1. What order, most packed first, do the peptides 97-108, 41-52 have when packing is the mean number of other Cβ atoms within 10 Å of each residue?
2. What does the charge count around Pro69 come to, taking other residues whose C-beta lies under 10 Å from its C-beta (Lys +1, Arg +1, Asp -1, Glu -1)?
3. Can you sort Met56, Met26 by how many other beta carbons sit within 10 Å, fewest first?
4. Can you give the local net charge around Leu33? Use residues other than it whose beta-carbon is closer than 11 angstrom to its beta-carbon, Lys and Arg +1, Asp and Glu -1.
5. With a sphere of radius 9 Å drawn around the Cβ of Asn86, what net charge do the other residues whose Cβ falls strictly inside it have (Lys, Arg +1; Asp, Glu -1)?
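Bear in mind that the values in this text are calculations on the coordinates, not laboratory data. Because the structure is predicted, anything quoted here is derived from the model rather than measured. As a convention, Cβ positions derive from the backbone with ideal geometry for all residues, glycine included, and neighbour counts pool all protein chains shown.
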Amino acid sequence: MRLSRRDDEFSIHLSTQTSELMNSRMHASEDALADLACAAIAGRSRPHVLVGGLGMGFTLAAALRGVGPGGTVTVAELVPEVVEWNRGPLGECAGRPLDDPRTRVHVGDVAELLRGGHSTYDAVLLDVDNGPEGFTHHGNNWLYSPAGLSAARLALKPGGILAVWSASGDSRFTSRLNRAGFRVDVRTARARPGKGAHHTIWLAHAPGPGGSRSGAGGGRKRSTRP
């Protein structure tokens with residue numbers, strides 16, 4: 001990956017691609033990923049949220065706002081350079097969330113934390129690729145596979161939520177989440193407030209205590225913004 005800057009605007013590209021992976025002007029849907037997930041666990045005492053993918057830090061910053069002063073957010077980033085960029089000038093874009101004492105950083109694959117977790121996280125937020133397939137890193141495919149979704153469910157506390165960002169919708173992934181035992185709500189959010197591309201966010205609710213799946217049924221699709 002490579003980072004470029006023009007005045008106060010940053011962008012990240014794959015080294016082998018000319019198109020942008022992300023731009024600091026367009027992060028409303030990343031904010032929504034964290035906002036929606038944290039709203040679903042509101043009221044929990046000292047929540048622990050896992051963010052897969054640091055990017056430009058916007059999802060991490062929104063998660064920190066959502067968990068409150070007693071919460072913790074662990075962010076996993078596979079590419080060490082992305083962490084260093086966020087510790088440098090890029091960090092100003094999102095308000096330097098890596099400097100927040102509630103932040104824990106894991107430089108490595110988020111899959112390692114999911115495999116090692118058991119009822120550890122109140123919410124898991126995945127924004128590691130363009131959607132439920134490994135575009136930037138083929139190893140990400142496991143995260144969206146039945147095995148990966150099962151690991152995510154086990155890593156969540158009862159009634160926790162798995163939130164997944166995607167550049168576009170995918171009905172097959174919705175079905176896969178349902179088969180993994182989640183109650184699924186599909187939302188859309190704009191890349192920029194009120195404009196820009198429509199991105200998809202899956203909110204996959206894990207069973208509550210005793211395996212209950214209370215609440216509305218899955219598969220509904222709604223927009224978070226006009």
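1. On the way: 97-108: 14.8, 41-52: 19.2.
Top of the packing list down: 41-52, 97-108.
2. On the way: positive: Arg46, Arg102; negative: none.
Spelling it out: positives minus negatives among the neighbours equals +2.
3. Values: Met56 25, Met26 19.
Ascending Cβ contact count within 10 Å gives the list Met26, Met56.
4. Working: positive: Arg187; negative: Glu30, Asp31, Asp35, Asp127.
Once positives and negatives cancel, what remains is -3.
5. Numbers: positive: Arg87, Arg96; negative: Glu77, Glu84.
Net local charge, Asn86 excluded: 0.
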